[in-house]
Amino acid sequence: MDRTVLPVGAPRAERADAVRNRLHLLATAREMLSEQGADRLTMDALAERADLGKGTVFRRFGTRAGIFQALLDHDERAFQEQVLGGLPPLGPGATPLDRLIAYGRARVGFLVGHREIARAALDGSQPVPAGAETPLSQMHIRMLLGQMHLGAADLDMLAVQLTAALDGPLLLYLSAAELTEAATRSEERIAQGWQDLVQRVCRS
């Protein structure tokens, strides 16, 4: 679900009124999500709660899934900043294997915390994961694999498979009850599973 890639260079300028509307809509969507849950957050309900025209909401998000994609993208940026420039082992400065383990553990925590938003952001009209860009997880995992000595392994495909192993269980296989009733225990089990997998796959 990590479609957003931190931009290189200055981002395209956004009109002041568009910025205000975007921030207002995101804040309103978060309020509704906290109060009512993801199922009650619709395009019409958001427009009414934000006191904006339906056309404004549709132009901003396109679809209901687009609301959740925008919420996720906003939080993704902060997560990516930690990955790209934070403290080791998640950020630069640790060994590639330690960074890969730390990335998976942090990503699991992020997805567990954003499980409602992440699932609602899946758009059935688009391939999974939604969006056209290469997921940041895949790019980051591929970079770290390239810094290891893994012989003749197909690192591009291995990165795809590890990305699926990291995101797939949370978004596609674990039930909402499993993630809600014992979120802390599930998070640690998934994180430990990721560490076990990576240590075996990346064994020299």
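Quick notes
- Burial ranking of peptide ranges 108-119, 20-31 (average Cβ count within 10 Å, highest at the top): 108-119, 20-31
- C-alpha center-to-center spacing [region 62-76, region 83-123] in angstrom: 18 Å
- FRET E, pair Thr95, Arg185, Förster distance 22 Å, beta-carbon r, rounded to 0.05: 0.15
- Gain upon complete extension [Asp44, Asp156; 0.36 nm per residue less C-alpha separation]: 36.1 nm
- Label-point separation, Glu35 to Ala78 (7 Å along Cα→Cβ), nm: 2.2 nm
Values quoted throughout were computed directly from the atomic coordinates according to the rules given, and no laboratory measurement underlies them. For clarity, every value in this text was computed on a predicted model and none was experimentally measured. So basically every Cβ, Gly included, is an ideal-geometry build from the backbone, and we count neighbours across all protein chains shown.
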